Structure formats: structure tokens, C-alpha cells
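In what follows, a structure is listed as C-alpha cells, so that the remarks can point back to it.
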Amino acid sequence: MSAFEEKSTSAPTKRILVIDDEADIREIARMSLQMTNCWDVLIAASGEEGVAIAATERPDVILLDAIMPGMDGLATLQRLKEDPKTQDLPVLLLTATMSPTTQQQYVQLGARAVLMKPFDPGTLARQIEQALGWSIEGTV
């Protein structure tokens, strides 16, 4: 059995929502997560769109860009945490700029972790699994 077949039959498919205003980032994340872990990936180009998708689709995790025009990542995170339909969904923030104060602010607002951009497409799924404490196949 190939690694692809093992991944696709060993556990239920995870559903990931990627909210990012950059089309290239959304596509790279989608392809990476689908290819490495066979996850179902939903995408949103804005905070407003992401909040609406999260409420109806209830993904297992949300990858949220911190810097976006209009409703930025912090405002989006706040909206997600205020809505009873989405408040329990884990959110991982993606950011290219990081300071300890900013990271602490994200966590205080409810982010589970902060991942740095640019991310490595080959390790993105593993970073998500580690941040959420999901079991990682092939590791002890």
C-alpha cells in the first residue's frame, strides 16, 4: 500500500479553511494540504468570506492570514470567537511579521498558534498537526 493510500484510509479526512487575501498563498496551502495529508481544503479570500464559510462548513481548523485588507486577521479572529457557531473552532494565524507582543495578543484573542509566512509547503500539515496536538503518523 502506498503512503497516499495509507493516509487516505487510516483516518477521517480533516477539513481545513484557509483565509488569505493572496491567491498564491491560498493555492499553495490547498495543494500542499491535499497532497501531503489528503485533507479537504476550503478557501476564502477575505475575513468576511471566511467567517461565513466557517459558520456553515465547520472546518476542523482555520488557517488565518493576520494581515489582510478590510477585516484583518485580528478582527476576523474576534468575529469567529464571538459567534457561537464558530467560537470553538481552532484558529492558527499565518503571519510574515512576528514580535513576542503580537504573538501574545493573538493567543490572548484565542489563536491556538502562530505560523510564520512564508511557510514550507512540505511541512505545513505537520506544523498544523503539532500545533493542535493531532496524532502524527509515523512518529512516536
Residues satisfying the stated conditions in the range 90-137, i.e. of a type in the set (Ser, Thr, Tyr) and assigned to a loop (DSSP other than H, G, I, E, B)
97, 99, 123, 135
Determine if the range 103-119 includes at least one residue that is at pLDDT 95 or above and touching a helix residue (DSSP H, G or I) at 6+ places or on another chain (Cβ under 9 Å).
no
With the condition kept exactly as written, say whether any residue in the range 23-36 is surrounded by fewer than 18 Cβ atoms within 10 Å (Cβ to Cβ), over 20 Å from residue 131 (Cβ atoms) and over 14 Å from the mean Cα position of the chain (by Cα).
yes
Taking the range 74-95 and the residues there that are aliphatic (A, V, I, L, M) and touching a strand residue (DSSP E or B) at 6+ places or on another chain (Cβ under 7 Å), the one that is farthest from residue 130 (Cα to Cα) would be 80
Does residue 5 count as outside any strand (DSSP E or B) and at pLDDT 95 or above?
no
Between a residue in the range 20-33 that is over 17 Å from residue 91 (Cα atoms) and any residue that is among the hydrophobic types (A, V, I, L, M, F, W, C) and part of a helix (DSSP H, G or I), which pairs come within a Cβ distance under 8 Å, given they are 6 or more apart or on different chains?
32/124; 32/125
Would you point out the residue of the range 37-63, among those that are farther than 15 Å from residue 124 by Cα and of a type in the set (Val, Ile, Thr), that is surrounded by the most Cβ atoms within 10 Å (Cβ to Cβ)?
51
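The values are calculated or read from the model by the stated rules, or taken from the named source; none is laboratory data. Everything numeric here is computed off the predicted structure, so don't read it as measured data. Here Cβ is always computed from backbone atoms with ideal geometry, including for glycine, and neighbour counts include all displayed protein chains.
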